[in-house]
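Since the structure comes first, as structure tokens, the remarks are kept for the end.
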Amino acid sequence: MDLRQKVLDLLTLSKEGGDIPTSVSVSVEEQLGLSTADIKNLDRDSLHVHQNASSDPDSQQEVFDTIEAGFVDENCNGGRYQLNKFPLVIDLNYIRHQRQILGIQLSCVTNKLFSMIHQKQTHCADELCKVLELQENLDMALDTCSNGRININQARNNLTTASLGLLAHYRRQHHLIKITKSLKTIQTLGKMNVRVQELLGEQSYAAAIQLIVEGQHVANTYKHFNCVAQLSSRLQDTMELAEEQLDVGLSKSCKEFDSNQYGKLQSAFALLGKQSAALDQLNLHFASGLHQQTLSLLQKYAELSCSNLTSGIDADNLKLSTEYHKLQFHELCKCINSKLYVACLCELSTCLWKITVNYNQIHRWHTDHSKGECDPVPAALFEQKLQHGRTRLWQDVQIKIRTLLSSFDVWHLSTDELLDMLDIVETLVEMGKQFCQSNSEVLRESVRQQSINYFRGFHRGKLDELRVFLENESWEQCPVRSNFNVFHLMEFRFLNQSKLSSSNSEAPSNENFYLVDSVTSPFSSRAISPPEERFIGSSGISDSSYECNDDRKIEGGSVLPLLANTTLSVLRLFGRYIHFMHLLKTIAFDVLICLNQLFDYYLYAVHKIFGTSSPLDVTSPKLRAVLMKIEETLILTTTSETVGSAEDTAAFSSSAGDKVSCPKVCLPLQLDHPNQLYGLKLRLIAAESVIFLARQLELLRPNLLDLIPPSKESLLNQFFSQTTSVAHDLRVPIFSVVAHRYLDSEHIINMMSRVQWEVKEVMSQHSSYVDYILQVLNDYDSSVLRVCYPHTLPAEIYNILWDQILRVCYHMLLDGFSAVRKCTNEGRALMQLDLRHFQVKVECLTRLRPFPDPSIVETYIKAYYLPENALEKWIQEQTEYSPRQMMNLLQCVSQGSKKIRLNLTSFMEDLDLNRR
């Protein structure tokens, strides 16, 4: 018998008889060829393998995958199934290998089973507790039923039929009472619809909603009645109607906010549990209301524009006005007349402001009522929705304003209208900051493009206009108050208002546009033009101020500013330009460059009219450099005219497209008339007007620094240091012409040439030409005061006039002395006497100290006494005298020695060659 059959018989015996006989076991061990120690070692090896396999989850899964389906079948005998798989000839190693595999599989299955039992142990305990509890409840129910049956049996035995009848009647009565109460409730439920309508009519939304909710609860309680089903349907319809009225009331709050009314609405939405949905619907109502209100407003202005344009035109065109309700918003914007544009923009901004005010009040209401709420989550959700609604609403506002701005050509607007438009947009930008912390980039970019388009031609037109003003200027004093400055002009009113608002506004800026009791629109002031400020003062000066004393020569008391009408025009342009800068900070520096060009052109024109005929040496190098720069960058020449007409130039550039020709002024009679001191009065007004402009720019300097970017401040400081600072230097070339033309130098030099300089005695009496010069200077002083009357002559101008005429006198004396061919030492002493007498008398005529260039004549006279070597050194050091004056001096010095004259002449020629 083979080993497999023996094992099968052994399994059969163990199944039938229980334990395996010892003899069989021994025979099996003998047949397998294994000892007891080998079997134990084999078991230990198998146990070690089982432990390794069961400890690793991945290995367990691999073992599960190797288990054959036959072992899983419930009807399968595992041992017989395995023995049937053995071959007829079995090797011991094969049996050992199969035993190890089965051991590993059994261990994994056992561990998995134990793990699953352990996991379900807690659930098993819970279910067992429930079973025990159910068992207790069943026992209690059994006791209750038993006691009830016992009591029923007692009642059946003890109570009579009459007693049972009384109980039955009482039960019926109690049932009828309940039915009556239910019928009354149903009757009240039927009348509830009428009461709900009354509450809705009284706008008691919360009470109406509360009544409907209670009615629905009652209807749900009595739903077993057939009539209640109809009442429940009617209550549902009433609820829908109430919600529609709530929505209507919500839309009315968008147009005109009422705190009490809005509180009732929110109470009703709170009862419905739809507060979040109400906020969403509120944002939709605001968007829809904004569109409808702005559309109706534009339709009104489009009809007004059409009525203005079609006055006197056929009826077909008038018929078009009735079709404006079919047009969209952007189409209506193109129909607005230029005369109504600013008014339309103002009213549209007011309409949008009212909408944002209502939204702000609603937001404030929710903020105030959310402080007492216990749950912070809904409050935070509402705040998020409201903030998002603010942003969306302001985006719609920007789109409406941008559409109106971009649909109109600003060329049709006047400057004041454009500034009003910029003021309105700037106010809207400030509103955006306060409303939702928005920078309003859409509005800024739109108004920036419109302003650039407008300012391209505006500045060029103002330069041409300034040229025309200068060509027709009479250079008479414009009467203003003594304390007049730019802030008295209406064009600078916005600066005064901004300073006042900035100094008085310590509270947050949100209070400016969204005060709790704010009822006045920030745009309402645009419709009313403020009265013009009276800045023009009296220019009268009493006759007593004209006295022939030296105190009158220098300004005293309150002095009226000296400025022309064109100066006021330039100041007003300054105000408009600065207003542009204030409203358009993105192009503020470009506008500032144009403002500087206004001053540059005015400075250049005044010099061109009054200062070109002056000697070149009286103009300071700084002034010459500024004038040359202005001429290159701003003044239109013949060559630049052809270039400028060939191509268009970009805005704010300094090319030929922005250049302007120099004013052509015809003032020859006034400037050449000796009785008027060659236009001294005109020169005074012109020069002082330039200085007045420079002072006003210095006064505006802090405002200009606030309006430009910090990176551009150095360029502004450079303008003030290079251009406005040379305004005072303009006085000298303008007034030097008066001094040079008033003094007849040729006549005086002829008088000096007729003086006998070869005298043999020292003279004690000065020459007659000195008295003539002094008389001319005295007349000059009187003429200056006469011509300038009734204006008080500024001290600086008075000193410049004397400085220039004294310079002319000293150079004239120098030319007269250098023209002397023969002279003795006594004649030189006479020259010194004449010069000394001249200086002493002039000191009595003027307060000017020190005198200009007196040493140039004294040094020239004293050089006559120098020896030959010292004279050579003196000639080498002096650069103030002309070669002709030097040669005349040498001829006069060497008139007694031909050798000395030749030596000095040769030295002078060599020195002149070296200097060249």
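The values are calculated or read from the model by the stated rules, or taken from the named source; none is laboratory data. Nothing here was measured: the structure is a model prediction, and the numbers come from that model. For neighbour counting, all protein chains shown are included, and Cβ atoms are generated from backbone atoms with ideal geometry for every residue, glycine included. Quick note on the areas: whole protein, heavy atoms, side chains included, nothing else; ligands and nucleic acids left out. Shrake-Rupley method; radii C 1.70, N 1.55, O 1.52, S 1.80 Å.
Go through region 53-67 and give me each residue that's outside any helix (DSSP H, G or I) and at pLDDT 75 or above. Of everything in region 53-67, just one residue is outside any helix (DSSP H, G or I) and at pLDDT 75 or above, namely Ile67. Just one of the listed residues (Leu265, Leu297, Leu290) is over 21 Å from Arg402 (Cβ atoms) and surrounded by 15 or more Cβ atoms within 10 Å (Cβ to Cβ), and it is Leu265. Arg741 - would you say it is closer than 30 Å to Arg836 by Cα, of a type outside the set (A, V, I, L, M, F, W, C) and free of Cβ contacts under 8 Å to residues at least 12 places away in the same chain? So Arg741 does not fit the description; no.
The selection criterion, being within 24 Å of Tyr678 (Cβ to Cβ), at pLDDT 85 or above and of a type outside the set (D, E, K, R), holds for Thr846. Note on region 298-386: enclosed helices (runs of 4 or more DSSP H) holding 2 or more residues that are under 36 Å from the mean Cα position of the chain (by Cα) and either modelled with pLDDT of 85 or more or aliphatic (A, V, I, L, M) (or both) are 329-333, 338-369.
Figure legend. Inter-residue proximity from region 266-281: first residues more than 10 Å from Phe382 (Cα to Cα), second residues open to solvent by 70 Å² or more (accessible area, probe 1.4 Å) and part of a helix (DSSP H, G or I), beta-carbon distance below 8 Å, spacing 6+ or different chains. Indicated pairs: Gln266/His369; Leu271/Gln210. For region 865-893, a residue qualifies if it is farther than 16 Å from Asp815 by Cβ and among the aromatic types (Phe, Trp, Tyr), and the qualifying residues are Tyr865, Trp874.
Please verify whether region 671-679 includes one or more residues that are modelled with pLDDT of 90 or more and in contact with a Ser or Thr (Cβ under 6 Å, 6 or more places away or on another chain). No, region 671-679 has no match at all.
Count, please, the residues in region 437-454 that happen to be within 28 Å of Gln387 (Cβ to Cβ) and open to solvent by less than 20 Å² (accessible area, probe 1.4 Å). The qualifying residues number 4. When His766 is tested against (1) outside any helix (DSSP H, G or I); (2) open to solvent by 60 Å² or more (accessible area, probe 1.4 Å); (3) not basic (Lys, Arg), exactly one condition is not met: (2).
Against the numbered list (1) open to solvent by 10 Å² or more (accessible area, probe 1.4 Å); (2) more than 60 Å from the chain's Cα centre (by Cα); (3) not β-branched (Val, Ile, Thr), Met831 comes up short only at (1).
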